[in-house]
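The values are calculated or read from the model by the stated rules, or taken from the named source; none is laboratory data. This one's a predicted model, so the numbers in the text were calculated from it and none came from an experiment. Note that we place each Cβ from the backbone using ideal geometry, even for glycine, and neighbour counts take in every protein chain shown.
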Amino acid sequence: MDSHTPPEIHTRADFDAAVLWALQNALARQSRRLLLADCDFADWPLGQPEVLEALQRWLRLPQRRLVLLAANYTEVRRRHPRFVVWRTDWAHAVEAWSPPAEMAALPSVMVDDGPLCLHRLAKTPLRASVALDAHAARAWREQLDAILQQSEAAFPLRTLGL
C-alpha cells in the first residue's frame with residue numbers, strides 16, 4: 001500500500017492498517033490536529049506498537065494536538081494498556097473528552113485538520129472507509145466540534161482514591 005492511495009477496508013486487519021495509514025498520512029502532511037471519536041475505542045488498534053510509534057512521530061512535530069472523544073474510556077484502560085502508559089508521556093498534547101449522556105452514541109471516526117477522513121460505519125460486519133476528502137472531513141470536524149463544545153474532560157492520567 002502506498003502512502004497516497006487509501007487502503008480498502010474489508011476486515012479487522014484492514015481497519016488496523018487503515019488507522020496506521022491515516023496516522024502516517026497525517027504525519028506526511030504535517031496535520032496539526034487529529035480528532036478520534038468512538039463510543040469506547042475497544043476495537044481501535046491504539047495499543048499496537050506501530051500505531052504508538054506513528055502517533056509519537058506525529059506528536060514530536062511542534063504544536064500538535066490529539067483529541068479523543070469517547071462516551072466511556074473503560075475499554076481503553078482494559079484493552080490498550082500500552083496506550084494508557086504511552087499517554088502519560090504525551091499528556092501535554094493529548095486531550096480526552098466525554099460527551100453528555102444524550103450525545104453518547106458517537107460515530108467511529110478519525111479526522112485531521114485537512115482532508116483525512118476514516119469512518120467506520122459498522123462493527124459487524126465491518127464496514128469502513130478511509131479517504132482524503134476535504135468535504136467529508138470538514139463535515140465530520142464540524143459535527144464533532146459541536147459535540148466537544150458540550151463535552152467535559154475525561155480519562156484522567158491518574159485516578160485519585162482514598
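Tabulated data for the structure shown
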item: Tabulated pairs, segment 136-161, first under 19 Å from N72 (Cβ atoms) and at pLDDT below 95, second in a helix (DSSP H, G or I) and not hydrophobic (A, V, I, L, M, F, W, C), C-beta under 8 angstrom, 6+ apart or interchain; result: L157/R87; L157/T88
item: From the options A70, A104, residue that is modelled with pLDDT under 95 and within 23 Å of L126 (Cβ to Cβ); result: A104
item: Answer from Q63, Q24, Q56, Q48 - the residue that is at positive phi and either among the aliphatic types (A, V, I, L, M) or modelled with pLDDT of 95 or more (or both); result: Q63
item: Residue match in segment 69-82 (condition: of a type in the set (K, R) and touching a Ser or Thr at 6+ places or on another chain (Cβ under 7 Å)); result: no
item: Some residue of segment 7-21 being in contact (Cβ under 8 Å) with a residue 60 or more places away in the chain, part of a loop (DSSP other than H, G, I, E, B) and out of contact with any strand residue (DSSP E or B) (no Cβ under 8 Å at 6 or more places or on another chain); result: yes
item: Residue count, segment 71-113 (criterion: aliphatic (A, V, I, L, M), free of Cβ contacts under 8 Å to residues at least 12 places away in the same chain and assigned to a loop (DSSP other than H, G, I, E, B)); result: 0
item: Flag if W44 is touching a helix residue (DSSP H, G or I) at 6+ places or on another chain (Cβ under 8 Å) and in contact (Cβ under 8 Å) with a residue 24 or more places away in the chain; result: yes
item: Answer residue from segment 78-130, given it is of a type in the set (S, T, N, Q) and surrounded by 12 or more Cβ atoms within 10 Å (Cβ to Cβ) and is nearest to A146 (Cα to Cα) among those; result: S98
